[in-house]
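The values are calculated or read from the model by the stated rules, or taken from the named source; none is laboratory data. Just so it is clear, the model here is predicted, and its values are computed rather than measured. Neighbour counts are summed over all protein chains in view; Cβ atoms, including those assigned to glycine, are modelled from backbone coordinates with ideal geometry.
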Amino acid sequence: MDAKTGRDARQATRHTQLSPPLRKAMQTRLARSLVPELLDQLDGVSSDLLCANLRDIVRYNRLLGANRLMLQLVKKIVPMPYCGLDVGAGMGDFVHDALLAGDCSWVALDASDDVLRCRDAARLSALEGCRESCSIAASGCSLPFFDAAFDVVTCSQTLHHLEPAKASALLRECARVARRGVVVVDLNRSFITLIGAWMLTRLTSRNRMTRADGVQSARRAYTPDEAIDLARAAGWPITPNTVELHGPTRWSLQLRNVP
């Protein structure tokens, strides 16, 4: 990355106020791991182990506020009623929470049939008095939808599963099918995130997949500057509000289209 690109990326990153020790820890370089998570290579992983791991992820998404943060960001982009697509939906817990929050409809998309089977078994989407969501197995890098098919597209903690070329392809596809905007939330690679993931998974789960992938997610995550590079490669217009830090362990990418 040349000097101008680095300067633009830094200017495009809006930091929340952090204490000097946290800021210093975040600036310490941690090389990105290329080793895939167990979730990305399910051969030999039992259904029971996978479903238990996905239930842990649902707990963490709610405990750590990932779903709440995504809902807040979506509300800034699109008013209700709206139609949304969640890419990399996993067990569908964000879609579940979004349906409870108001007048909307959602499609939950995940690349893994095994993951969607766990979702269907958990029946997270069965909500009395709410619009039902539907589940689709497809790649986020080649979405099977027309242009501007949804008001908003979300993608939570999925980007780090992909290498840069595929991550940019996913962002490009999300922008293509979104009429009003896209919101991407993911982990920020740092020693703080790595230590936090190690402690959280050891203290709250005995699932070997959860413990391995929790740490590996932190090691595979992109930094905010790297996320800007991915968005730029996907053709997103870069503004000072494109990427935002939410504490030391998480960032969001936001694309807002003019309605």
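Output the residue which, of all residues in segment 66-106 that are out of contact with any strand residue (DSSP E or B) (no Cβ under 6 Å at 6 or more places or on another chain) and of a type in the set (D, E, K, R), is nearest to Ala137 (Cα to Cα). Across segment 66-106, the extreme among qualifying residues is Asp93.
Flag not set for Leu245, criterion: touching a residue at least 40 places away in the same chain (Cβ under 8 Å) and buried (at least 22 other Cβ atoms within 10 Å of the Cβ).
Among the residues of segment 195-208, none qualifies, meaning not one is more than 17 Å from Asn67 (Cβ to Cβ), of a type in the set (Val, Ile, Thr) and touching a strand residue (DSSP E or B) at 6+ places or on another chain (Cβ under 9 Å).
Within segment 82-105, the residues that satisfy the criterion of being out of contact with any Phe, Trp or Tyr (no Cβ under 9 Å at 6 or more places or on another chain) and modelled with pLDDT of 95 or more are Val87, Gly88. The lone criterion from (1) under 28 Å from Ala148 (Cβ atoms); (2) touching a residue at least 60 places away in the same chain (Cβ under 8 Å); (3) not in a helix (DSSP H, G or I) left unmet by Leu42 is number (1). Kindly indicate whether any position in segment 121-129 is basic (Lys, Arg) and farther than 22 Å from Ser47 by Cβ. No; the residues of segment 121-129 include none that is basic (Lys, Arg) and farther than 22 Å from Ser47 by Cβ. Six or more apart or on different chains, Cβ atoms under 6 Å: show the pairs whose first residue is in segment 91-102 and touching a residue at least 24 places away in the same chain (Cβ under 8 Å) and farther than 13 Å from Ser135 by Cβ and whose second is in a helix (DSSP H, G or I) and among the charged types (D, E, K, R). Sorted first by the residue in segment 91-102, then by its partner, the list stays empty.
Restricting to segment 87-109, what's the tally of residues that are among the aromatic types (Phe, Trp, Tyr) and within 18 Å of Leu159 (Cβ to Cβ)? Qualifying residue count, segment 87-109: 1.
Scanning segment 138-154 for residues that are in contact (Cβ under 8 Å) with a residue 60 or more places away in the chain and either touching a Cys at 6+ places or on another chain (Cβ under 6 Å) or surrounded by fewer than 15 Cβ atoms within 10 Å (Cβ to Cβ) (or both) returns Phe150, Asp151, Val153.
Every listed requirement among (1) surrounded by fewer than 21 Cβ atoms within 10 Å (Cβ to Cβ); (2) out of contact with any Gly (no Cβ under 9 Å at 6 or more places or on another chain); (3) in contact (Cβ under 8 Å) with a residue 12 or more places away in the chain is met by Ala221 save one, (1).
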